[in-house]
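The values are calculated or read from the model by the stated rules, or taken from the named source; none is laboratory data. In this text, all values refer to a predicted model and were calculated from it rather than measured experimentally. Methodologically, a virtual Cβ is constructed for each residue, glycine included, from the backbone with ideal geometry; neighbour enumeration extends over all protein chains shown. Just the protein is used for accessible areas: all its heavy atoms, side chains included, with ligands, DNA and RNA removed. Shrake-Rupley method; radii C 1.70, N 1.55, O 1.52, S 1.80 Å.
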Number of protein chains: 2
Amino acid sequence: MSDHAQEMTIGQLARRCGVHVETIRYYQRKGLMRVPDKPWGGIRRYGEDDLARLGFIRAAQHLGFTLAEIRELLKLEDGTHCAEAAAIARQKLEEVRTRIAQLNGMAAALSELLNACERGKGKQRCPLIGSLRTGLRDTREPPRAE
Amino acid sequence: MSDHAQEMTIGQLARRCGVHVETIRYYQRKGLMRVPDKPWGGIRRYGEDDLARLGFIRAAQHLGFTLAEIRELLKLEDGTHCAEAAAIARQKLEEVRTRIAQLNGMAAALSELLNACERGKGKQRCPLIGSLRTGLRDTREPPRAE
DNA sequence: CTTGACTCCGTACTGGCGTACGGCGCCAGA
DNA sequence: TCTGGCGCCGTACGCCAGTACGGAGTCAAG
């Protein structure tokens, strides 16, 4: 099982991780993956540790970390710096929550405008467009000074 | 108040909208803002309609629309195409909700991992790092075959 | 008249995450 | 031996929404 540990080419590594070759090279340029030296003639070989590292990177990306942050997390890979890792994760959680709040605001405004469009169907003036024109100030009560 | 309607320079327009001059030029290049012709010698003048258009763009941005989408919305600016505008908004709302769901997943995973780090404080192995290494499969129960 | 602020216009750069391209080397199978 | 497919390496390009820069023109005040 571990006999062919150092037997992978970059293409095989890529295929096993569902990643493009160029992506691995990009991670190498960014300092996230090591560049193994070429032992027997011209072609670099990759092992299970590289596979694991790639998995680490992909998993961290699913949590929303940027590659720069993942590089920091990888420095703590031995698992003995839990506080540092947790600090990075706490900051990321803050960012994610901030973004969620922003998006919730957008979704609320959009659905309210869509409701107004639904209610006023058939009228000549679109409430959505109208609200954009007046700068989103008045979503539900168009200021008809009458 | 409306005497100096055509009296604004691009810098004044920018200041009144809280936008950089270069941003307006960028919108012009993208076809979102018109480029007025220069009447009396070399300097283009902008009016209240340009101000309104800029406000429309900023308001739409707050709703999460991209500039390409805003260009489409601006084509419906007369307010007589409510169905088309609503269709664009519905799609955007879908996108926003999808993104919110993604981010909620991230936030949930992150806070769970942070809880695990808190619980296991003092231990030598960081659960956050450990989960990344094993590919995020096991968040709460490290598989100690004991 | 000069100075300083502003405008005009084109071009290049930012950040985040890759993708694409092109010329070369190397190696295995037919 | 030849050929096709990878691997190697550097560079450029893609998106998006701007930002920065630089030289030239113009305009108003001092």
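Please work out which residue of chain A brings its Cβ closest to the axis of the rotation superposing A onto B, and round that distance to whole Å.
A:Ile100, 3
Looking at chain B, do any whole DSSP H helices span at least 15 angstrom along their long axis by alpha carbon and average -0.5 or above on Kyte-Doolittle, and which?
Values: long enough: B:48-62 (21 Å, -0.42); B:82-119 (54 Å, 0.05).
Result, helices passing both filters: B:48-62, B:82-119.
Mind listing the long-range amide H neighbours of B:Met8? Cut-off is under 5 Å, sequence gap 5 or more, other chains count too, H placed in the peptide plane at 1.01 Å from N.
For B:Met8, the qualifying residues are B:Tyr46.
Per 5 Å bin, what is the whole-percent P(r) computed from every C-alpha pair distance within the protein assembly as shown?
1, 5, 9, 11, 10, 10, 9, 9, 8, 8, 7, 6, 4, 2, 1, 0, 0, 0
Can you list, shortest first and in nm, the gaps between the label point of B:Arg34 and those of its counterparts in the other copies, using a point 7 Å from Cα in the C-beta direction?
6.4
If the only charges are +1 at each Lys and Arg Cβ and -1 at each Asp and Glu Cβ, what is the size of the charge dipole of the stretch A:1-65 around the Cα centre, to the nearest 20 debye?
Its charge dipole is roughly 300 debye.
Most fluctuating residue of A:Glu118, A:Glu72, A:Glu94 in a GNM of chain A with Cα springs under 10 Å: which is it?
Residue with maximal mean-square fluctuation among A:Glu118, A:Glu72, A:Glu94: A:Glu118.
Counting residues in the stretch B:70-121 as N, plug N into 2.2 N^0.38 Å and put the Cα Rg over that result. Let's see the in-between values first.
Values: Rg = 19.7 Å, N = 52, 2.2 N^0.38 = 9.9 Å.
Dividing the Cα radius of gyration by 2.2 N^0.38 Å gives 1.99.
Would you calculate a helix-derived [θ] at 222 nm for the protein assembly as shown, using -39,500 (n - 2.57) for each DSSP H run of n ≥ 4 and dividing by the full residue count, to the nearest 500?
On the way: 12 runs with 172 residues, N = 292.
So the calculated ellipticity at 222 nm is -19000 deg cm²/dmol.
Along Cα→Cβ at 7 Å, what distances in nm separate the B:Ala68 label point from those on the other copies, shortest first?
Spelled out, the distances from B:Ala68's label point are 2.6 nm.
Averaged over all directions, how much area does the convex hull of the C-alpha atoms of the stretch B:1-75 cover when projected, in nm²? Present the calculation step by step, with values, prior to reporting the outcome.
Numbers: hull surface 20.8 nm².
Value for the stretch B:1-75: 5.2 nm².
With a 1.4 Å probe and every protein chain left in place, work out the accessible area per residue of the stretch B:1-75 in Å², rounded to a whole number. Working shown, then result.
Working: 4350 Å² over 75 residues.
Ligands and nucleic acids excluded, the figure is 58 Å² per residue.
What does the charge count around A:Ile70 come to, taking other residues whose C-beta lies under 11 Å from its C-beta (Lys +1, Arg +1, Asp -1, Glu -1)?
Working: positive: A:Lys30, A:Arg53, A:Arg58, A:Arg71, A:Lys75, A:Lys92; negative: A:Glu69, A:Glu72, A:Glu77.
That sum, taken over residues with Cβ under 11 Å, equals +3.
Put a label point 7 Å from Cα along the Cβ direction on A:Thr80, then list its distances to the equivalent points in the other copies in nm, shortest first.
7.5
Along the positive direction of the dipole of the stretch A:1-120 (beta-carbon charges: Lys, Arg +1; Asp, Glu -1; about the Cα centre), which of A:Cys82, A:Leu103, A:Gly11 reaches farthest?
So the residue we want is A:Gly11.
With a 10 Å cut-off between alpha carbons and a GNM built on chain A, which of A:Glu112, A:Glu77, A:Glu95 moves the most?
Maximum fluctuation in the GNM of chain A, among the listed residues, is at A:Glu112.
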